[in-house]
């Protein structure tokens, strides 16, 4: 029994690390630019489609396909920020909702027009196929890779934000935009770079998911709800919060399915409601 | 300005007068679009899921219906009238499906409706049909309640179901009842009505045949589940001999691929993928079947499979479909194709497109369709025909895997019969 609990926990951990990739960008953009980007899920979806086209259709290797799809989505993110989001930084939240929701609809229809509505899954790359024996049961190499990568992204984000000049300016402008601007930080350019970075994180999740998850219109919307729950639990705009929130959601989902299969779906939302009641700003919110 | 208002008022008056006269003639019953001249086309409105992980089903419906309509039109139509098709996306959402049905009948002027993928959508569309005064031929939605409750119990005669209902999923009980070594069954099922009923019906029948069988675990996955690894790992913790799974379409492909990743096929003896015989699912696992990754342990059925029955009708249909669309037909395509021919048979027998008369003409009718002889049972308007189960295998003469080692159980053995005993539609 204990073995099964630990094993399920590991499965939950890999789910958590996957969700973290998506939530990190969502919370980063909110924390720095104050934009709640519901179209973040659409960038995730675009990452999946780009990687699918390169890897599944054109027969590229998996690694380069993921990298190029990151760059592609980064460009899309830059255009979105430069042309659209820049105009609404000073407006109320409802305008953000309308704009980002509009993007969701546009992207969903766009991929339907380009790739069709049918779901597609390319094969697993050789080097990620296979299992290791963990506690006497087979555990996928792919999941181990995702756990490692999620941890690496967390570490990278920490180093970038805490140890680099770029990270310091980001933190400064998140803290006080006007003051940062007054001492010479190029705010518009900084926001563009943060937005591109977040878009690439979303694309990373989407692209890495292609060999196991389906590539279809609407996957972005399906994912963004989970990412949103995670960021709310952790505190909107807080990266540490998103990491802990992803761990909570991933691991609880896995244990819910094992231990309370009949009402597993509610558990996450109950947790979110409890957090909102006790600490409305989220676990790590300011 | 003044003149314009006068003219508008006059038109209004004329319309009102027309309506009064018209409704007087019809006994005050307003019906939509039934006063067409005999040379106008018969309009057929369809809907299915054409987006998302289940999108192939809606496409297949449209493809099957289009093929039938082209064939019929090439031979002069029905009673000299050509057929016209409009097909919409129901998005697996009941509200959208009802909106579509209303739009198709009242705005577009459909004479007949068909399609509908989701059971939830079907249960929402069914009760609206008497008011719309149209027949709807359901070609995929599988809940037993559509025919058992809405037709047999509540008497909504506008509902016809051309496709095998959820009874088909429970066929696993008949296929594996004689395997004494398979004792521990676990379920990975859809977290909505279809999954609940399929699992309950299977358990009910299996228990009848084999009191020694245990149902050791159940995991539930809602629409849009993309990571099934928690579900798979949770049921595998109970060391089952066999898995009963209902996720369909793209979700079924993901489930099976993730099960392979988790090494499930090294552990279990049998995996029953209820609707695994559908073309889109077989296409999605093609590479893995060719590489024998399932070790011949994957079994499935469907609501029709293209390599059964071995009749000229079926061969002609499959060939025509492949020629027209470059793809093999799945069951929603065959059911829609047969639905259009059922409309033809009903209208020709009734010699009118009037809803009640066509419905009466179709009751107890036997139709020769690609899937075999369909008998439309009067009590519940359910088409009864046999679909076998089989092992998922690769065959050189087909571009994608097919079902082999076919186990044919006659439909009358596993279809439920009126009067219907209730089945729980809960987890």
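Details
- If you go through the range B:51-72 and keep only what is surrounded by 24 or more Cβ atoms within 10 Å (Cβ to Cβ), within 8 Å of another protein chain (Cβ to nearest Cβ) and over 10 Å from residue B:332 (Cα atoms), you end up with B:52, B:53, B:54, B:55.
- Screening residue B:315 with (1) at pLDDT below 95; (2) part of a helix (DSSP H, G or I); (3) surrounded by fewer than 24 Cβ atoms within 10 Å (Cβ to Cβ) gives one miss only, at (1).
- Test: residue in the range B:205-215 that is within 10 Å of chain A (Cβ to nearest Cβ) and closer than 24 Å to residue A:254 by Cβ: no
- Members of the range B:218-233 found to be in contact with a helix residue (DSSP H, G or I) (Cβ under 6 Å, 6 or more places away or on another chain), farther than 21 Å from residue B:294 by Cβ and not in a loop (DSSP other than H, G, I, E, B), listed by number: B:230
- If you go through the range A:233-264 and pick out every residue that is part of a helix (DSSP H, G or I), surrounded by fewer than 16 Cβ atoms within 10 Å (Cβ to Cβ) and within 14 Å of chain B (Cβ to nearest Cβ), you end up with 1.
- Within the set B:33, B:52, B:64, B:24, the sole residue that is modelled with pLDDT under 95 and part of a helix (DSSP H, G or I) turns out to be B:24.
- Note on the range A:1-42: residues that are over 16 Å from the mean Cα position of the chain (by Cα) and either within 14 Å of chain B (Cβ to nearest Cβ) or at positive phi (or both) amount to 13.
- Those residues of the range A:128-143 which are surrounded by fewer than 17 Cβ atoms within 10 Å (Cβ to Cβ) and in contact (Cβ under 8 Å) with a residue 12 or more places away in the chain, in sequence order: A:129, A:132, A:134, A:135, A:136, A:141
- Criterion violated by residue B:201 - all others in (1) without any contact (Cβ under 8 Å) to a residue 40 or more places away in the chain; (2) touching a helix residue (DSSP H, G or I) at 6+ places or on another chain (Cβ under 7 Å); (3) more than 14 Å from every other protein chain (Cβ to nearest Cβ) satisfied: (1)
- Just one of the listed residues (B:196, B:167) is within 14 Å of chain A (Cβ to nearest Cβ) and surrounded by fewer than 24 Cβ atoms within 10 Å (Cβ to Cβ), namely B:196.
- Selection within the range B:249-267: residues that are at the interface with chain A (Cβ under 7 Å from one of its Cβ atoms) and not in a helix (DSSP H, G or I). The member of this set that is nearest to residue A:11 (Cα to Cα) is B:262.
- Qualifying residue in the range A:50-59 (condition: assigned to a helix (DSSP H, G or I) and surrounded by fewer than 19 Cβ atoms within 10 Å (Cβ to Cβ)): yes
- Matching option when the condition is within 25 Å of residue B:48 (Cβ to Cβ) and not assigned by TED's automatic domain parsing to the domain that holds residue B:52, among B:262, B:282: B:282
- Of all the listed residues (B:182, B:156), the sole one being at pLDDT 95 or above and outside the structural domain of residue B:364 (by TED's automatic domain parsing) is B:182.
- Subset of the range B:285-309 [in contact with a strand residue (DSSP E or B) (Cβ under 8 Å, 6 or more places away or on another chain) and within 14 Å of chain A (Cβ to nearest Cβ)]: B:285, B:289
- Just one of the listed residues (A:97, A:93, A:70) is crowded, with 20+ Cβ neighbours inside 10 Å and in contact (Cβ under 8 Å) with a residue 12 or more places away in the chain, and it is A:70.
- Members of the range A:126-179 that are within 14 Å of chain B (Cβ to nearest Cβ), part of a helix (DSSP H, G or I) and modelled with pLDDT under 95: A:126, A:127, A:128
The values are calculated or read from the model by the stated rules, or taken from the named source; none is laboratory data. Not measured: the values here are computed from a predicted model. Methodologically, a virtual Cβ is constructed for each residue, glycine included, from the backbone with ideal geometry; neighbour enumeration extends over all protein chains shown.
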